[in-house]
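Written out below as structure tokens is the structure these notes cover.
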Amino acid sequence: MALNPDRLLPAEADSRAIARRLFASVEKLPIISPHGHTEPSWYATDAAFPDPATLFVKPDHYICRMLYSQGIPLEQLGIARLDGTAVETDSRTIWRLFAKHWPLFRGTPSRLWFEHSLESVFGITERLSENNADRLYDLISEKLATPEMRPRALYDRFNIEVISTTDSANDPLTHHDAILSSGWHGRVVPAYRPDAVVDASRPDFQSELEKFIELTNNPMTYQGYLQAHRNRRAYFKARGATSTDHGHPTAQTANLSAGEAEALFERIIKQPVKPEDAELFRAQMLTEMARMSIDDGLVMQIHPGSYRNHNPKIFSAFGFDKGADIPNQTGYVKELKPLLDAHGNDPRLTLILFTLDETAYSRELAPLAGHYPALKLGPAWWFHDSPEGIRRYRELTTESAGFYNTVGFNDDTRAYLSIPARHDMARRVDCAFLARLVAEHRLDEEEAYEVAHDLSYRLAKQAYKL
């Protein structure tokens, strides 16, 4: 199973030789991880990871959804039910089940990331199977107990320069405060994610909104609500935040008059909320967030287009974020126009757009980012941060947006050990793409070295103000 040094590089000899040279120039660059979902408690407490199943299987949506698609109940993977019904708690049993079904992951990025982690972190060069599951479990467990495998030590080993977590608007950021007061040199910054107090269609919206207003000591009025966001954004920024993040069902924006916005707010705080009012409020709040970003300098990200919790059986039993989210067709040209009419020409705003709808790359996103000073394109996201997905992204966006209206790469992961694997994959695929341009005499090799460095390091650091 030993990793091939030429993995993901071109098969054609001349292009592969160019790609090797390019990759060698960026392979060891520090990792900028400007958007992700690792737990700040890991860095605050620096506790050992408990066991291989808890580390690799239970938190990984890609793994859980694949196994569920093959008829394996989430309970057998140790995923907790909302009703407290018993689930599998023996981590070795979960690991054995995972190992038995490892062939399901052939050809997937999950296999790339997992096997990269096995070799580069644990020194394991044999492929996981039902036959070696217990032995590999013991090897990994033994190493997890060592100081070298604690989160802070891995931060250094992975050569991470800065990493951002994603935190709800009501999060007290206690772990971030603990990190800052500990004197540790690592840089872990929060990102402001206000979805729970913006999306009135969520079942927890009312309770989260009440906490939000109480936390900031503002009145339950539209202006009081906006001030609450300003207060919380400042709170996050004081703890190192440089960005906000918005995971809306669509990219719809609106720019209502003050009276219209106030009337809408009065409607959405009264349950039940009409779907059209929930959508209009989300749309209005994206424009309000853009205004606030111009004022406080926080970079704004929009992650739209996921049909979240598509499987009601899974959602009712296990809650949010359990692998049942599905990409949706997503529009941007008409949807973003109210926001862009108001703020798209303002260079003080940095708005990074993501998509799960690859058909939007060349039709909408690249032309938009290739024109508006406020817009940048986020990297291939979620289902598409894969070798083929990154290749398609570069092919479909570069002609209209160039490289410099994009923001490099972010790993967007909850799986800590996959971070270096994901950045390695992105750097290899980008170097392969650049090598093809050089081989076709569309780019000088000297230029390709500069672009490879920018895509691997500088653009993310610059775009996210890190």
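The values are calculated or read from the model by the stated rules, or taken from the named source; none is laboratory data. Just so we're clear, the structure is a prediction, and the values are computed from it rather than from any experiment. Methodologically, a virtual Cβ is constructed for each residue, glycine included, from the backbone with ideal geometry; neighbour enumeration extends over all protein chains shown. Side chains included, ligands, DNA and RNA excluded: accessible areas come from the protein's heavy atoms. Shrake-Rupley method; radii C 1.70, N 1.55, O 1.52, S 1.80 Å.
At pLDDT 95 or above, under 16 Å from the mean Cα position of the chain (by Cα) and aromatic (Phe, Trp, Tyr): is that true of residue 409 in this structure?
Criteria met by residue 409.
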Conditions (1) β-branched (Val, Ile, Thr); (2) outside the structural domain of residue 265 (by the TED database); (3) not in a loop (DSSP other than H, G, I, E, B): number failed by residue 125: (3)
Helices (runs of 4 or more DSSP H) lying entirely in region 1-119 (those with 1 or more residues that are closer than 28 Å to residue 461 by Cβ): 13-26, 40-45, 61-69
Residue that is surrounded by the fewest Cβ atoms within 10 Å (Cβ to Cβ) [pool: residues in region 380-393 that are closer than 19 Å to residue 452 by Cβ and in contact with a Leu (Cβ under 9 Å, 6 or more places away or on another chain)]: 387
Pairs where the first residue, in region 300-315, is more than 14 Å from residue 327 (Cβ to Cβ) and the second is open to solvent by less than 10 Å² (accessible area, probe 1.4 Å) and among the hydroxyl-bearing types (Ser, Thr, Tyr), C-beta under 7 Å, 6+ apart: 300/244; 300/293; 301/243; 301/244
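Restricting attention to region 402-417, and to residues there that are open to solvent by 10 Å² or more (accessible area, probe 1.4 Å) and small (Gly, Ala, Ser), which single residue is farthest from residue 119 (Cα to Cα)?
Ranking the qualifying residues of region 402-417, first place goes to 402.
Listed here are the residues, each with its yes/no results for (1) of a type outside the set (Phe, Trp, Tyr); (2) open to solvent by less than 30 Å² (accessible area, probe 1.4 Å); (3) within 16 Å of residue 238 (Cβ to Cβ).
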residue	(1), (2), (3)
153	yes, no, no
156	yes, no, no
169	yes, yes, yes
173	yes, yes, yes
180	yes, no, yes
184	no, no, no
190	yes, yes, yes
198	yes, yes, no
209	yes, yes, no
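To keep it simple, each residue is scored yes or no on (1) without any contact (Cβ under 8 Å) to a residue 40 or more places away in the chain; (2) open to solvent by 20 Å² or more (accessible area, probe 1.4 Å).
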| residue | (1), (2) |
| --- | --- |
| 7 | no, yes |
| 30 | no, yes |
| 42 | no, yes |
| 46 | no, yes |
| 53 | no, no |
| 61 | no, yes |
| 64 | no, no |
| 76 | yes, yes |
Within region 293-326, considering residues that are within 20 Å of the chain's Cα centre (by Cα) and open to solvent by 50 Å² or more (accessible area, probe 1.4 Å), the one nearest to residue 87 (Cα to Cα): 322
